[in-house]
1. Take the residues in region 71-85 that are among the small types (Gly, Ala, Ser) and touching a residue at least 12 places away in the same chain (Cβ under 8 Å), then tell me which one is surrounded by the fewest Cβ atoms within 10 Å (Cβ to Cβ).
2. Inspect region 158-176 for any residue being among the charged types (D, E, K, R), part of a helix (DSSP H, G or I) and at pLDDT below 95 and give the result as yes or no.
3. Go through (1) under 17 Å from the mean Cα position of the chain (by Cα); (2) in contact (Cβ under 8 Å) with a residue 40 or more places away in the chain and name the single condition Gly88 misses.
4. Restricting the first residue to region 102-131 and requiring it to be of a type in the set (Val, Ile, Thr), which pairs with a second residue that is not in a helix (DSSP H, G or I) meet a Cβ separation below 9 Å and a spacing of at least six or different chains?
5. Please find, among Ala64, Ala95, Ala112, Ala102, the residue that is at pLDDT 95 or above, within 30 Å of Pro182 (Cα to Cα) and of a type in the set (A, V, I, L, M).
6. Just wondering, is there one or more residues in region 201-219 that are of a type outside the set (Lys, Arg), more than 26 Å from Leu67 (Cβ to Cβ) and in a loop (DSSP other than H, G, I, E, B)?
Amino acid sequence: MVRARATDDSSPQALFSSTVLAQVRELIVTGTFPAGAHLAAEPVAARLGVSRTPVRAAFSVLLAEGLLEHSLNRGFSVRELTLRDILGAIDLRAAIEGRGCALSVEYGWSDAEFATLDGRIADGARIVAAGEWSLGVERAWYEINRDIHAFIARMAHNVAIRSTIRMTLLYPLFGDTARLCPAVARYVPERHRRVPDRVPAHIVQSQAEHEAIAGAIRGDDPAAAERLMRDHVLAGRDRLALLASRR
């Protein structure tokens, strides 16, 4: 069946602005820009090697996301995130990503789109099968994980869902949140923040869940796809909550 494809804003300017937004968000959620820090467009732009315009646009988005605060006297400053903020954001993301996954099934996938998804899942499977783990491998895994989630969300062809998902990403996307996000890491014992030399159990589980989600999408089962995606995201939340309660 030939389907009309929804278009995405992938202009060079939009992609560049998105990259700047991601960079500023990363500096905040990793604590490089700590809670309470005053942020002005000019020094941040100089740090990133860009003009002030995309930085100002990023500040507006991050204000809406709750990562920044604004006052007439101080301008923009970094809002202090709590563990409850992080867990609450993941709760919302589970519901939204689950619904987006179901909508992607209802909309329908092309063979080329399945090939893209299957390719990234296969990349994750190779990492798990190799068994080795390090900071570099961790980053590669989380890039794959990010791509899988972003691609499925895009296949829902629903701008509101994608925008809401972005607003719930209050933690790093490029590594273990339990170690990299100060709002979580301050509660996690040091021994649980070490980078192991073998693939962690939660990564093996995540890979299996990605494969199950893809199976539900390919099986044209929106209810199962929604449930599996929701449970997959909530599993990450439950792991963080458990680690933060250990002593």
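The values are calculated or read from the model by the stated rules, or taken from the named source; none is laboratory data. Computed from a predicted structure; not experimentally measured. Ideal geometry is used to build each Cβ from the backbone, glycine not excepted, and the neighbour counts take in all protein chains shown.
1. In the first step, residues of region 71-85 are kept if they are among the small types (Gly, Ala, Ser); the result is 71, 75, 77.
With touching a residue at least 12 places away in the same chain (Cβ under 8 Å) added as a condition, the list becomes 75, 77.
Values: Gly75: 14, Ser77: 16.
Result: Gly75.
2. Step one: list which residues in region 158-176 are among the charged types (D, E, K, R), which gives 162, 166, 176.
Checking which are part of a helix (DSSP H, G or I) leaves us with 162, 166.
Checking which are at pLDDT below 95 leaves us with 162, 166.
Yes; the residues of region 158-176 include at least one that is among the charged types (D, E, K, R), part of a helix (DSSP H, G or I) and at pLDDT below 95.
3. (2)
4. Partner pairs satisfying both residue conditions: Val105/Met155; Val105/Gly219; Val105/Asp220; Val105/Asp221; Ile127/Trp133; Ile127/Val199; Val128/Val199.
5. Details: Ala64 fails: at pLDDT 95 or above; Ala112 fails: within 30 Å of Pro182 (Cα to Cα); Ala102 fails: within 30 Å of Pro182 (Cα to Cα).
None of the others qualify; the one that does is Ala95.
6. Looking for residues that are of a type outside the set (Lys, Arg), more than 26 Å from Leu67 (Cβ to Cβ) and in a loop (DSSP other than H, G, I, E, B), one finds at least one in region 201-219, hence yes.
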